[in-house]
Structure formats: C-alpha cells, structure tokens
Amino acid sequence: QVQLVVSGGGLVQAGGSLRLSCAASGSIVSINTMAWYRQAPGKQRELVAVIMRGGGTNYADSVKGRFTISRDNAKITTDLQMSSLKPEDTAVYYCTAVTFTRAYWGQGTQVTVSS
C-alpha cells in the first residue's frame, strides 16, 4: 500500500506561481512513475505532468514551459512548480504514484487562478 499526502494549492492571480507537493509513504520502494493530474469543473481528469523513476518527464501541451515536475527519490516526493498561471489552470489537482500493480491517488488540492 502507498499513501500520498498533497500540500500546496490555493488562490493566486493570473501570472502568479504556486507549488504543489506530494509525499508518499508505505510501500514506496515499489513506486515507478509519479504524476500530477487535474480536473476542472465539468471536465474530465487530465494528465498534467509525469516523472519516471529515472527522471524522465512529460507534460501536457497546455502547461509546457510553465510547469515543472520534480522528484526526490530518496524522500519519495514529487513537486509541481506552476508559473505563469492562467485562469484555465483552475482545477483540483491530484498526485498519483504508480507501482507495478496499481496506481495510488492522493487527495485533491484546489488551485484557483483569478483573472
């Protein structure tokens, strides 16, 4: 079992920055990929950024150049640094950790970007 605790989020003006953090505990040795998803009201959950155990990353086109995902393999944490935020980034953000057998989800954190 893996438990994920998310921190960060909140209200920010357009153009501002926020940092989300996700800390894993439990069977952390089994975690391969960690990622951030988001879900805006009335929309499907979408992948924002993913980081592999080896450090490789991938981003949604909508956040490329503005968001940066990082990972600490010793502490088993992942952060999402969000810059140049836009109102359309408003959503509930979720952290996920993927092992060989399943994906685990943390609680969501609200990010609201005002125009």
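Using the eigenvalues of the Cα gyration tensor, what equivalent ellipsoid semi-axes result for the range 51-115 when each is taken as the square root of five times the eigenvalue, whole Å, largest first? Spell out each step's value before the answer.
Working: eigenvalues 106, 43, 22 Å².
That gives 23, 15, 10 Å for the three semi-axes.
The Rg/Rh ratio of the range 1-69, with both radii computed over alpha carbons and Rh defined as the Kirkwood radius, is 0.98.
With Cα atoms defining each centre, the range 86-109 and the range 1-74 are spaced 6 Å apart in the structure.
Per residue, the chain exposes 51 Å² of solvent-accessible protein surface, assessed with a 1.4 angstrom probe and all protein chains in place.
Share of carbon and sulfur in the accessible area of the chain stands at 52%, probe radius 1.4 Å.
Of all lysines in the structure, the ones whose alpha carbon falls short of 18 Å from that of Lys43, not counting any fewer than 8 places away in one chain, are Lys86.
When only alpha carbons of the chain are considered, Rg and Dmax amount to 13.4, 42 Å.
Applying 1/(1 + (r/R0)^6) with R0 = 22 Å to the Cβ-Cβ distance of Ser30 and Asp72 gives a FRET efficiency near 0.85.
The values are calculated or read from the model by the stated rules, or taken from the named source; none is laboratory data. Just so it is clear, the model here is predicted, and its values are computed rather than measured. Ideal geometry is used to build each Cβ from the backbone, glycine not excepted, and the neighbour counts take in all protein chains shown. The protein model used for the area step is the full one, side chains on, heavy atoms only, and it has no ligands, DNA or RNA in it. Shrake-Rupley method; radii C 1.70, N 1.55, O 1.52, S 1.80 Å.
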